[in-house]
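Comments concern the structure below.
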Amino acid sequence: MTEAPSCEDPLAGAVLLVEDETFIRKLAARALEKVGLKVVQASDGVEAMEIWRGRTEPFRLLLTDIVMPGLLSGRALAREIRREDTAIAIGLMSAHDPTLLTKGLETWERELPHLQKPFAIEELVEFVRRTLTQAAPPSQPTTGGEASRNL
């Protein structure tokens, strides 16, 4: 196990990034790694659950696309992981209309932060910073670097 992330830096610790589009996943991972996060990548919900169950260190954030091919959507993945870890921050990404994606969701799911695709790298980094800061104790200040490419 590794040391827990510093309470003073919301952009520290491990992120499970789940995105079926390879280019977006790799670009997002690189941007988040540049600002100090450790990023573990998965291309779909099933692979993400395998990584989750085999983890050797805690994840601070699940950042997942909502609509993905395969047996486990991003929404179902978020539900499974939330059942196992109620403290993990969860951020959702989608190119689809968020109002259509919220139908039939439980209250906690509708309240999850959502990042609309396409997005700029700066928007991604700020979204992750906000998501981690909101999930952290209120005493945590926000700090960290920025990147400058668009997705």
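The values are calculated or read from the model by the stated rules, or taken from the named source; none is laboratory data. No experiment lies behind these values; they were computed from the predicted model shown. All Cβ positions, glycine included, derive from the backbone under ideal geometry; neighbour counts span all protein chains shown.
Please identify the pairs in which a residue from the stretch 1-19 that is assigned to a strand (DSSP E or B) has its Cβ atom under 9 Å from the Cβ atom of a residue that is crowded, with 19+ Cβ neighbours inside 10 Å and modelled with pLDDT under 55, counting only partners at least 6 apart or on another chain.
Cβ pairs passing all conditions: 14/5.
Check the stretch 45-57 and report whether any residue there is closer than 21 Å to residue 127 by Cβ, in a loop (DSSP other than H, G, I, E, B) and modelled with pLDDT of 90 or more.
no
Among the residues of the stretch 69-95, count how many are in contact with a Gly (Cβ under 8 Å, 6 or more places away or on another chain), modelled with pLDDT of 90 or more and in a loop (DSSP other than H, G, I, E, B).
Adding up the residues that qualify gives 2.
If you go through the stretch 103-151 one residue at a time, how many are more than 23 Å from residue 82 (Cα to Cα), modelled with pLDDT of 80 or more and in a loop (DSSP other than H, G, I, E, B)? Steps first, answer last, please.
Keep residues of the stretch 103-151 that are more than 23 Å from residue 82 (Cα to Cα), which gives 117-123, 139, 141-151.
After this cut, where a residue has to be modelled with pLDDT of 80 or more as well, the list is 117-123.
Checking which are in a loop (DSSP other than H, G, I, E, B) leaves us with 117-119.
Within the stretch 103-151, residues that are more than 23 Å from residue 82 (Cα to Cα), modelled with pLDDT of 80 or more and in a loop (DSSP other than H, G, I, E, B) number 3.
Taking the conditions exactly as written (without any contact (Cβ under 8 Å) to a residue 60 or more places away in the chain, part of a helix (DSSP H, G or I) and aliphatic (A, V, I, L, M)), does residue 29 satisfy them or not?
When the stated conditions are applied, residue 29 passes them.
What residue, among those in the stretch 32-53 that are in contact (Cβ under 8 Å) with a residue 60 or more places away in the chain and within 22 Å of residue 118 (Cβ to Cβ), is surrounded by the fewest Cβ atoms within 10 Å (Cβ to Cβ)?
Out of the qualifying residues, it is 34.
Checking residue 19 against (1) at pLDDT below 95; (2) in contact with a Lys or Arg (Cβ under 7 Å, 6 or more places away or on another chain); (3) not polar (S, T, N, Q), only one condition comes out false. Which one?
If we test residue 19 against (1) at pLDDT below 95; (2) in contact with a Lys or Arg (Cβ under 7 Å, 6 or more places away or on another chain); (3) not polar (S, T, N, Q), just (1) comes out false.
Could you tell me whether residue 76 is buried (at least 18 other Cβ atoms within 10 Å of the Cβ) and either out of contact with any Leu (no Cβ under 7 Å at 6 or more places or on another chain) or over 20 Å from residue 129 (Cα atoms) (or both)?
In short, no.
Counting just the residues of the stretch 58-68 that are among the hydrophobic types (A, V, I, L, M, F, W, C) and at pLDDT 95 or above, which one comes out surrounded by the most Cβ atoms within 10 Å (Cβ to Cβ)?
63
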